[in-house]
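Have a look at the structure below, then the notes.
Nothing in this text is a laboratory measurement; each read-out follows from the coordinates by a stated rule. This is a predicted model, so every value here is computed, not measured. Glycine also receives a Cβ, built like all others from the backbone with ideal geometry; neighbour counts cover every protein chain displayed.
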Amino acid sequence: MELHELFYTKPPSKMKLKKPYYMGFKNIWEQTALPLGNGSLGLTVIGEVKNDRLVLNHKTLWAGGPSPKRPDYCGGNINKPDKFGKMPYDYYAEIREEFQKGNDKKASDLCEKLVGISDGYGTYLCWGELNFVNNDIKKYKNYTRTLDMSTGVCSVSYDAKLKSGEWVKDTREYFVSHPDKCAVIRFAREGATLDYTLSLSTEHGGNLIYTDDGAIIHYGSLADNNMNFCMSAKVLTNGEIIAATDSLHIKNATEFTIVLSADTDYLDNYPDYRTGETAEELLNRVKANTELTSQKSFDEIQKAHTDDFTALYARVSIDLDGNAVNSADKLLYKYNKLAPRSAEQLLYQYGRYMAISSSREDDMLPSNLQGIWNCCNDPKWSSDFHTNVNLQMNYWPIYNGNLAECAKPLIRYIKAMVVPGRLTAEYYTNVKSGEGEQNGFLFHTQCTPFGWTCPGWEFNWGWSPAAVSWILHNVYEYYEYTLDTEILEKDIYPMLKETAEYFAKLLVEHNDRLVTVPCFSPENGPRTMGNTYEQALIWQLYDNTIKSAKALNVDSELCEKWSDIQSKLKPYEIGADGQIKEWYHENHLGEIGERHHRHMSHLLGLYPCNAMNWYDNPDLIKASIVSMNDRTDKSTGWSMGQKINSWARALDGDRVLSIIGTLFKNGIYPNFWDLHPPFQIDGNFGFTSGVNEMLMQSHCGFIHLLPALPTAWEKGKITGLIARGNFTVDIEWKRGRLTVARITSNMGGKCKLYYANSEFTVDGICESENHFAEFDTIKGETYCLNIK
Ligand code: FUC
């Protein structure tokens, strides 16, 4: 059956948790918090009975960036000559020269100059916590805490014995509405009245006001960068509200509802990154939203929210024959014994659920390393946008998981990086704007909302120009899945073209191929002239750019030039052990770099790109398998996600399921968040994407049905997946064999299907030959496949 609920029968303080990574609240939060969000505004529900803490986030609340304190802020770039009168691009030229002369050591040492500065990097912040202190409960029983992923509503209920001796039933509901742009929290009691003290705790100062009419207003500006922020909450109740200077006391009420709006004056606009609103204007805007929503009934707000949420969530349903009705922590701890299929179904939908909750079509920023959920002001890696795998992985399950509009914030963000990124291209590679053309833009491993485009402050993790090509692959896929030529023309193609032209200027000849210099395979190995990671991503960039130009029927001469460059990149080589080489001077496995490194940067052509595939070049798949075996099946959070997707592309479902088993054993917290550690959301998204790839693939120009079905997934059903070319795919299988496949054509065009285990017919339209069938489709029509 389909499963949509993560539920718990104990409050977090009574749950058995994994060995703490951090102690205290941060640990409890990481392992138990249940996330809610409307893309920008986030809540995490802990759900304690007596002293509860609800964590509040807003995606744009960031320290760092431009500030009166940092008048010279320039995205971390070194933009002035150093004491030797040299700019980073002078060193870049020297490095290239030294490498070309064969002075690898000197060139490699000089790479230390290709760094940025750290001042102004900043961090994603936690807004604060709403504290709910109960004043009348003595004990409780029948506790449940549930996240209903299908509606985006979290609820808590229990029977409580009051100090007065009577038993009552308490229920709470929490959700964050996208249509009404606010969080809504309702506490209700049957049998007596409620007694709560409510307050906000925050480390950001500002003004915090509680009023007798039930308002909590928090506004001010961040000390680091003067970003204005404002939260306006309104408590609506049938009881009494008494305001103190530091709290609201709610009593003699059988229910109260809090409507909460929050925002900042962040705008994704270089160079100020602010809306220009005064603090008062922001306050009025946020308050007006709370007032407007407060006039609606709870049921009305909730209905608008669930209609909006469900419209996205319900597009895909999955049933792996999971049927256990168990609490989520039990499903996790007894994964093998109890009901592995149930846990897998839930984790799958959780990825989609969190994508909808952390990345909505009108957001300015994409989801970060923790989506939008963060309980502290010093999250690991600043909870930033990491582009040497993490931000990409956040968007892996979006398109085939039928959530294309959730990728719009990513496209918008990358577009906003173009203008500051051109400065980095200029300061570091000396590629200046020519007449009527743009010079190309660069950003590297870590990015922030404030046009942080420099390399990091250490070369070994910081330098990664190919990160641009990689994230542009996610951006390009929006077109591949939707066939939306308007966005392709307006947003996607200009970025691809500029980058293709930029790399055309950077590439140099080395041996018999074109390479970028210097190169570094994410966080592993030496600095070199070219490596598989960079060559493969640049190859993919040209592939995507040429396909886009052809779809738009433009730039045919450039396409010829780009094809020529592409053919000289030659990304993949097979080494002496039959592996895909990560570095071109690698002979045997393990002789260079860290052998079991979590990054598998040389295998991106297998997944998420498409250059290595079983259809066109099975020898490269065999070599990828050698490399993957060498990396082993164990790693941390997101790396497990990469393994799942990559093994699915290698068409080995049983191996994928065994990796999933290891993931459940070591890599998932009781709240089903994926742990790196700490909690990092990319691993969750990687898992969901991996399941999509196990059940349907479309990267080779056809729809491959059940490409990597594990033997243990004997029976199941998935509906609503999207294949490239914009086809909706529904599939069912029994005893490991396809029984039903329905393909709905959303844009018309040719459809090519492949099913390895049997020949088939398509609705009397055509018969498969060698397991392939190709036919013309009409937009809006559904085609059924019959197995012979
Ligand atoms: C990459 C990884 C790290 C971590 C960081 C956020 O650099 O190598 O493991 O996930 O991103």
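Assorted remarks:
- Charge dipole magnitude, Cβ of K and R +1, D and E -1 - the chain, Cα centre, debye nearest 20: 2200
- Total formal charge among the other residues, if their Cβ is under 11 angstrom from that of residue 139, Lys/Arg +1 and Asp/Glu -1: +4
- Loop-located trypsin sites (Lys or Arg not before Pro) in region 375-474 (DSSP state other than H, G, I, E, B) with a sparse environment of at most 13 neighbouring Cβ atoms within 10 Å: 432.
- Counting only Cβ charges, +1 for Lys and Arg and -1 for Asp and Glu, the dipole size of region 286-425 around its Cα centre is about 340 debye.
- Ranked by how many other beta carbons lie within 10 Å on average, peptides 14-26, 358-370 from highest: 358-370, 14-26
- Length gained on full extension, residue 510 to residue 595, computed as 0.36 nm times the residue gap minus the Cα-Cα distance: 28.0 nm.
- Between the alpha-carbon centres of region 183-234 and region 425-485 there is a gap of 39 Å.
- Farthest towards the positive end of the charge dipole of the chain, among the residues 331, 445, 1, is the Cα of 331, using unit charges on the Cβ of Lys, Arg, Asp and Glu.
- For the chain, with +1 on Lys and Arg beta carbons and -1 on Asp and Glu, the positive-most of 140, 229, 184 along the dipole: 140
- The label-point distance for residue 201 and residue 615, in a model that sets each label 7 Å from Cα toward Cβ, rounds to 5.6 nm.
- Other residues lying with their Cβ under 14 Å from the Cβ of residue 428 contribute a combined charge of +2, Lys and Arg counting +1, Asp and Glu -1.
- Size of charge dipole - region 130-236 - debye, nearest 20, with Cβ of Lys, Arg +1 and Asp, Glu -1, no other charges: 420
- Between helix 653-666 and the chain there is an angle of about 40 degrees, using the helix long axis and the longest principal axis of the Cα atoms.
- Neighbourhood charge, 10 Å Cβ-Cβ cut-off, centred on residue 190 and excluding it, Lys, Arg +1 and Asp, Glu -1: -1
- Selection from 322, 273, 262, by position along the positive dipole direction of region 239-359 (Cβ): 322
- Rounded to 10°, Cα long-axis angle of helix 637-649 versus longest principal axis of the chain: 50
- Working note: Karplus 6.51/-1.76/1.60 with θ = phi - 60° gives region 84-96 the couplings 9, x, 10, 8, x, 5, 5, 5, 4, 5, 5, 4, 5 Hz, where Gly and Pro are set to x.
- Taking other C-beta atoms within 10 Å as the exposure proxy, 444, 588, 510 rank 588, 510, 444 from fewest upward.
- Between 0 and 90°, nearest 10: helix 532-552 axis offset from the chain longest Cα axis: 90
- FRET efficiency for the residue 761 to residue 630 pair, using the beta carbon distance and R₀ = 41 Å, is estimated at 0.45.
- FRET efficiency, 1/(1 + (r/R0)^6) with R0 35 Å, evaluated for residue 23 and residue 551 via beta carbons: 0.05
- Cα centroid separation - region 679-702 against region 549-628, whole Å: 20
- When only alpha carbons are used to place a centre, region 241-301 and region 399-418 end up 28 Å from one another.
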